[in-house]
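Heads up, the thing below is written out as structure tokens.
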Amino acid sequence: MNVTTHKGTALVTGASSGIGAVYADRLARRGYGLILVARNRERLDQLASRLTDATRRSIEVVAADLCSKADVRRVEEVLRTDSSITMLVNNAGVGGAGPLLVSDPDKMEAMIDLNVTALTRLTYAIASKFVERGTGTIVNIASMVAVAPEVLNGVYGGTKAFVLAFTQSLHHELLDKGVRAQAVLPGATRTDFWDVAGHPVENLPESIVMSADDLVDAALAGLDQGELATVPSLPDVADWNAFESARAALRPNLSSSKPAARYGVRTAA
Ligand code: NAP
């Protein structure tokens, strides 16, 4: 399918497979040029060539290891200097299925480098540009574990809770400046993620595993509908709204000069 409208360029991290590759496909078909980022250049080149043939969009490949500071700086530079960029999809990420205590701390650190530090730096690189232009979209791929950190590895859950909280804060600061932020909270999705995490997806009940195609189509529909947080599996959005309302209801009482009475602390008069 060839699309005539041009919507600027979307930079998609982790585009060499899974969810990121589907984002690349869907965004090209929606009229975006693409900058595809991941480590595996061969897979990126293959995807770029297939999508160029299918959509005639301009597609660039940047091979980068987002655990490497130098490589992250290189991608930041692209975001700062390419004024055609209108969308950033922070999708690259790794998970883990093992319990905290048996997980290698070096691997946990690398997970934080990718899922948190790289995502934050890339967002910083583009956010001020989008604000200057009064437009732009930042899509951050979180996970259901952002609100269910007891599932899978706890550091993974912590990184995705960061992605959700960071996106909520971006939304709060940037919406009135014309910049959109969306957090996507996929449940189990059929991709290489599970092999990399050491827990083959075949071990999960089929009823809880979504295809990457359906996941991205739902996430983009959520973006079109103006959602801040999109939970593709959740049947009733009222459940998410109730969760958010409960969070908002806590707010007036989260900071006080006095400890709560139940702690029995005798405060100075
Ligand atoms: P995937 O197929 O394994 O894709 C991960 C992508 O990240 C690949 O393109 C990989 O490419 C890239 N990547 C990994 N390490 C990288 C690094 N150091 N530098 C640059 N790129 C790197 O898994 P996926 O399911 O599509 O994952 C995409 C996102 O969805 C992740 O953030 C994940 O946490 C999230 N998610 C997935 C699920 C699920 O069940 N699959 C559920 C919730 C959330 P290279 O290997 O070429 O670098």
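Values quoted throughout were computed directly from the atomic coordinates according to the rules given, and no laboratory measurement underlies them. Computed from a predicted model, the values in this text were never measured in an experiment. Every residue, glycine as well, gets a Cβ built from its backbone with ideal geometry; the counts of neighbours run over all protein chains shown.
Observations on the model:
- Phi angles across the range 63-77 convert, under the Karplus curve 6.51 cos²θ - 1.76 cosθ + 1.60 with θ = phi - 60°, into 3J(HN,Hα) values of 7, 8, 9, 7, 8, 9, 4, 4, 5, 4, 4, 5, 6, 4, 4 Hz, Gly and Pro given as x.
- Within-13-Å neighbourhood charge of residue 30 [Cβ basis; K, R +1; D, E -1]: +1
- Count Lys and Arg as plus one, Asp and Glu as minus one, and take only other residues whose Cβ is under 13 Å from that of residue 218; the net charge is then -4.
- Remark: the range 68-120 projects, on average over all directions, an area of 4.2 nm² (convex hull of Cα atoms).
- With the simple spin-label model, which puts each label point 7 Å out from Cα in the Cβ direction, the residue 135 to residue 41 separation comes to 3.4 nm.
- With contacts taken as Cα pairs under 8 Å and at least 6 residues apart, the chain reaches a relative contact order of 16 percent.
- Debye log10 I(q)/I(0) at q = 0.08, 0.16 Å⁻¹ for the chain, Cα point scatterers: -0.34, -1.28
- GNM top mover of 75, 12, 201 - the chain, alpha-carbon springs below 10 Å: 201
- Multiplying the residue separation of residue 148 and residue 60 by 0.36 nm and removing their Cα-Cα distance gives an extension gain of 28.1 nm.
- Mean separation of Cα contacts under 8 Å, 6 or more apart, over the residue count of the range 53-160: relative contact order %: 33
- Net charge of the neighbourhood of residue 16, taken over other residues with C-beta under 15 Å away and scored Lys/Arg +1, Asp/Glu -1, is -4.
- Compactness of the range 159-205 as Cα Rg over 2.2 N^0.38 Å, two decimals: 1.61
- FRET efficiency, residue 234 to residue 258 (Cβ-Cβ, R0 45 Å, nearest 0.05): 0.75
- Using alpha-carbon coordinates, inclination of helix 119-133 to the longest axis of the chain, degrees: 70
- Note on residue 248 and residue 176: their simple-model spin labels are 1.6 nm apart, each label 7 Å out from Cα toward Cβ.
- What the pair-distance distribution of the range 74-211 shows, using all Cα-Cα distances binned every 5 Å from zero, is 2, 10, 19, 21, 17, 13, 10, 6, 2, 0 percent.
- Between 209, 8, 46, the Cα set farthest toward the positive side of the dipole of the chain (charges on each charged residue's Cβ, about the Cα centre) is that of 8.
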